[in-house]
Amino acid sequence: MTFKPGASLDPSQIDDVRGRRLGGRGAAIGGGGGIGLIILIAYVLLGGNPNDLTGLSGQIIGDGGNAGPASTELANSCKTGADANAREDCRIVGYVNSVQAYWTQEFAASGRTYQPARTRFFTDQINTGCGVASAASGPFYCPADKYVYIDLGFFDDLRTKFGAKGGPLAEAYVLAHEYGHHVQDLLGHLTGASGATGATSQSVRTELQADCYAGVWTDNAASTGYLEPVTDLQIADALDAAAAVGDDRIQAKTQGSVDPDSWTHGSAAQRQKWFTAGYKSGDPGGCDTFSGTP
């Protein structure tokens with residue numbers, strides 16, 4: 001996606017604590033490498049909660065997301081759409097700004113008030129309201145503190161570990177998906193999860209709705225004033241990223257077989273289907289993944 005060069009960015013929506021060693025307790029989750037690392041990333045990728053990993057990687061201890069003051073680097077360097085076109089971290093700032101601008105407008109049109117969430121950039125590990133997270137967690141939304149957390153090195157992992165082509169809209173899809181979870185949180189759709197897994201489980205339906213919301217934003221992104229209209233090639237990059245993180249693709253890569261009964265996020269086809277549904281309709285009302293077959 002290309003930013004309008006004169007668009008004004010708002011880095012205040014981002015806390016940048018990259019390069020800091022936060023928490024002082026060592027990595028509570030993550031660690032290791034190879035297939036084990038890929039499984040860990042896969043479990044919480046695009047919306048998972050690090051607290052759910054206690055059985056896999058030890059006790060997780062949180063501190064309410066207290067990460068200290070943010071860096072001023074983004075404020076000094078990420079001011080315009082031209083900066084977003086030149087730097088990855090500024091590009092992510094711009095995506096967050098655009099996504100939240102869209103949901104602010106959408107909530108207002110429905111007579112509701114959108115409560116912004118913040119994004120926190122980190123390196124290696126961080127304490128959050130949902131526990132201690134490492135870069136191996138992948139990006140995730142924590143409803144306890146209303147933050148989206150991301151180590152920007154994840155976008156390299158998306159290409160090298162998951163085989164996605166990458167590209168700007170693939171990155172934007174990741175952020176828009178996480179903010180889709182924030183929208184679900186504001187609407188009360190993240191409560192009462194049963195913990196069940198499977199291709200038609202509530203967990204999968206929740207993740208697919210976040211994919212659909214990402215597609216909805218994509219259709220409306222240009223109207224927020226930050227971005228130029230998307231191209232067909234960029235949409236293909238987003239669909240490729242959605243497929244790369246499908247449960248079936250990840251299971252085939254990590255364990256050599258596919259078990260639909262253990263899915264938590266949905267298959268490659270499901271994720272592509274619902275991103276496309278959101279993009280084609282441009283209407284969050286068309287993202288009812290909880291009725292019928294997801």
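Residues whose amide H falls under 5 Å from that of Asp15, counting only those 5 or more places apart or on a different chain, are Thr119, Arg120, Phe121, with hydrogens built in the peptide plane.
Modelled label positions at Thr191 and Arg87, each set 7 Å beyond Cα in the direction of Cβ, lie 4.1 nm from each other. The residues of the range 71-191 expose, per residue, 32 Å² of accessible area to a 1.4 Å probe. Tell me, how many Å apart are the Cα centres for the range 192-233 and for the range 243-280? The range 192-233 and the range 243-280 have Cα centres separated by 14 Å.
Over the range 244-294, accessible surface divided per residue gives 45 Å², non-protein components excluded, 1.4 Å probe. The string of couplings for the range 199-211 from the Karplus curve (6.51, -1.76, 1.60, θ = phi - 60°) is 4, 10, 6, 4, 4, 5, 4, 5, 5, 5, 5, 5, 5 Hz, one whole number per residue in order, with x for Gly and Pro. Among residues other than Lys280 with Cβ under 14 Å from its Cβ, the summed charge is -3 (Lys and Arg +1, Asp and Glu -1). The shape of the range 233-294 comes out oblate: with a ≥ b ≥ c from the C-alpha gyration tensor, a/c is at least 1.5 while a/b does not beat b/c.
The distance between label points at Ser291 and Ala109 comes to 2.0 nm (points 7 Å beyond Cα on the Cα→Cβ vector). Peptides 106-113, 204-211 ranked from most to least packed by the mean count of surrounding Cβ atoms within 10 Å: 204-211, 106-113.
In plain terms, the chain from Asp156 to Lys280 could stretch by 41.8 nm, reckoned as 0.36 nm per residue minus the Cα-Cα distance. For the listed peptides 241-248, 255-262, a ranking on the average number of other beta carbons within 10 Å per residue, highest first, reads 241-248, 255-262.
Taking 7 Å steps out from each Cα toward its Cβ at Ser223 and Ser77 produces label points 3.4 nm apart. Could you tell me which of rounded, prolate or oblate describes the range 171-279, using a ≥ b ≥ c as the square roots of the eigenvalues of the alpha-carbon gyration tensor, with rounded for a/c under 1.5 and, failing that, prolate when a/b is larger than b/c and oblate otherwise? Verdict is oblate for the range 171-279.
Pairs from the list Lys79/Lys161; Lys4/Lys165; Lys79/Lys273; Lys79/Lys146; Lys4/Lys146; Lys165/Lys273 with a Cα-Cα gap above 30 Å: Lys79/Lys161; Lys79/Lys273. Where does the charge balance sit around Gly163 when Lys and Arg score +1, Asp and Glu -1, over other residues with C-beta under 10 Å from its C-beta? Once positives and negatives cancel, what remains is +4.
The values are calculated or read from the model by the stated rules, or taken from the named source; none is laboratory data. All figures in this text were calculated on a predicted structure; none of them were measured in a lab. Here Cβ is always computed from backbone atoms with ideal geometry, including for glycine, and neighbour counts include all displayed protein chains. The accessibility values were calculated without ligands, DNA or RNA, using every heavy atom of the protein model including side chains. Shrake-Rupley method; radii C 1.70, N 1.55, O 1.52, S 1.80 Å.
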